[in-house]
Structures are given as C-alpha cells and as structure tokens.
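Inspection log for the structure reproduced underneath, given as structure tokens.
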Amino acid sequence: MNGRKLRAKARLLIILIVLLGGCLGVYIFSPNVQDLTKPAFKLAKQSLKVALPLQNSSIIKGNSAILIDASTGNVVVEQDADIAFPIASMSKIMTEYLVQEQIEDGTIHWDDQVQMTESANNIDSRASKIYVKPRDFLTIRDLYSAMVISSANNATKVLAEHIAGTEEEFARLMNDKAREMGLSDKTHFVNSTGLPNADHTENQMTAKDVAQLAYQLLLDFPEVVETTKLTKYRLAFDGTVLRNSNSMLFPENQDLYFEQVDGLKTGFTEAAGYCFTGTAKLGDKRLISVVMGAKSDEARFLETHKLFSFGFKNF
C-alpha cells in the first residue's frame, strides 16, 4: 500500500514539474515579451507607468507626453506619444523653422521691414498678439521674437504671409517640411499659428512628432535658444516689453522654475488644452520634452518639471 502511494506521489510530482517547465518555456520564448536588450531608438526605453519614480506612482497628467535625448533623438520615456491631438501654438515651432531657413539662405533678413496686414492683425481678440495697427512696419526680428517669446499670433501670421504670400500657402510649406523631416502622416497643419480656423479645424500632431520637430529645430538652428531663453524682449518698433510665456524661466515661480530650461514653446486652445514643448541643458546633456493636454497653465510646467527631473537623474 505504502509503495503504491509513493509511486502515485512520484508520478504527480513529475507531472507538476513538466507543467511548470512548459509554462516557463512559453513565457521565455513568447514573441509578446519585450526584449529590453534590443536598441530603443525611436522607441521608449521604458514605459512611463513603470519608469518614472513619481510621487504616488503617478504618471504624467495630460493627454500625452514624451522625453527625448536631444543629442540622438532617442526616446527616453513616452506616454500615448503616437496619438494625434491639437497642438495650439506649439505649431509655431515649425513656423520658426521655416523663418530660420529663409534667413539662412538669404531670402529674408533680420532687419527687413514687414508691413502688418489687415488679415494678419484681424484675429480673435482673446488670442495673444502685439498691439500694432495695419500698415505699421516692423522688422522680421521684432516679429520673430514676438512670435517666439509671447506667442503673438498677428506677428506669426504676417511672417507667414511675407514668406509664402498667403497663410494657406505657408501651411502647405509646413506640411511639405513635415514630410521632409520624416514626421508621421498624423501631422497636419492648416495655419501658421495653431489657432482654430473658421471651420474649427486645428493643427494636429503626436507628441512624438512635436518632439522630433523640436529636435530638428535645435539640431539645424541651435541659436534659437538665444531667443527662447529670454524672459522678456523689447520691441524696436515702439519699445513695448513682451514677457515670455514660459513660466519655467522665472526664479520667482518657485514650484515651476527649472534652472536648466532655455526654451521652447507654449500652446493653448480649448481643444488642445495646455501644452508645452520644453528643452533644458545640464552639462553636455540636452533633453526635449512635450506635454499635451494638461488641465491648467501651471500643470503643463509641473509635468515638464517631472520629466526633466527624471531625465537628468536617470539618463
């Protein structure tokens, strides 16, 4: 009797060992298990949900977010970064790029005078703008700085008209440049500013595409940070002082200030929520962040602060 019991137990033990080994083999060799030793260029090295040691194990609060290494373009962490959303005034990063390109090839010059047009100046009174009149002349440097620092929409639109003739044609140039840069087909521009069009259409991008655009801007025109890092700018036109919309630049904003931040672009529309593309440099390491769809002006900078704190500490 005891012999039969022992043999039965032995058979049961063998069956359990075989089953356990089979399950382990399925796990190890399953194609769905990520191989973390493979290169991660253009893919997140770690999931934000497990990688960010944030308070209360929280993730970035917004529609999407991404952090990339500006020296390589590699993604450090991301959250829903392949979903397209309205981008509001972060659109102006592409407008900046096209202006810089025109400056570089000598088509336009910083001291060129541009006349403010009725169409450019006639924008939503609630939108950011510089207070000038149609037919006033401003330099390209004034218009560019107003666009970059205070997100002035009339300055942006008149630059677009000056370069392309119409804003519609400038939007075509923006889309062409997006394709040339290798941005995804989810990126689509309908205007230079990021404001809603009359038909309620808005510029759309993924966080990953915005980060890649910012990466390309900083790679090709690194001097842009000499403007984006300014806390204020005085218009040569009339002496008006413009304040930067990037709250992370101001030491008095104790919860938001990040000493290494020197750019890049804020954005807000009702559809987009509060957005921010940031960049910061510590030693030889530069990072680029994008936060889209935050719930408040302050929230977009707090979430960016989390990303940079994590990035510089861990990478």
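Since only PHE310, TYR274, MET292 are under comparison, the one whose Cα sits farthest along the positive direction of the charge dipole of segment 260-315, derived from C-beta charges on Lys, Arg, Asp and Glu, is PHE310. Altogether, the Stokes-Einstein calculation at 4 °C and 1.567 mPa s, with the Kirkwood radius of segment 71-216 over Cα pairs as Rh, returns a diffusion coefficient of 83 µm²/s.
Rg ratio for segment 46-314: its Cα radius of gyration over 2.2 N^0.38 Å, N being its residue count, equals 0.95. Of the trypsin sites (Lys or Arg not before Pro) found in segment 264-308, those that fall in a DSSP loop while having at most 13 other beta-carbon atoms within 10 Å are LYS295.
Can you tell me how segment 91-152 classifies by the Cα gyration tensor, rounded, prolate or oblate, using a/c under 1.5 as the rounded cut? Working shown, then result.
Values: a/c = 2.22, a/b = 1.39, b/c = 1.60.
Since a/c reaches 1.5 but b/c is at least a/b, the shape of segment 91-152 is classed as oblate.
The orientation-averaged projection of the convex hull spanning the C-alpha atoms of segment 167-251 amounts to 7.7 square nanometres.
Orientation-averaged projection of segment 248-315 equals 4.3 nm² [convex hull of Cα atoms, one quarter of hull surface area]. Mind giving me the FRET efficiency for LYS133 and ASP220? R0 is 35 Å, r the Cβ-Cβ distance, nearest 0.05 is fine. E(calc), rounded to 0.05, equals 0.50. Model label sites at PHE315 and HIS200, defined 7 Å from Cα along the beta-carbon direction, differ in position by 3.8 nm.
Here the label points at GLU298 and THR231, each 7 Å from Cα along the C-beta direction, are separated by 2.0 nm in the simple model.
Compared with the alpha-carbon gap, the fully stretched path from VAL241 to ASN122 is longer by 40.7 nm at 0.36 nm per residue.
Express in nm, to one decimal, how much length is gained between GLN254 and ASP176 on full extension, taking 0.36 nm for each residue of separation and deducting their alpha carbon distance.
Additional length available on full extension: 24.0 nm.
Principal axis extents of the C-alpha atoms in segment 184-315 (largest first, rounded to whole Å): 44, 43, 32. Per residue, the average separation of C-alpha pairs within less than 8 Å and at least 6 apart gives segment 46-314 a relative contact order of 24 percent.
Taking 0.36 nm per residue of separation and subtracting the Cα-Cα distance, full extension of the segment from ASP284 to GLN115 would add 56.7 nm.
Here the calculated FRET efficiency for THR166 and GLU101, from their Cβ-Cβ distance with R0 = 30 Å, stands at 0.95, rounded to the nearest 0.05.
Each value in this text was obtained by applying a stated rule to the coordinates, not by laboratory testing. Quick caveat, the model's predicted, so the values are computed rather than measured. Glycine also receives a Cβ, built like all others from the backbone with ideal geometry; neighbour counts cover every protein chain displayed.
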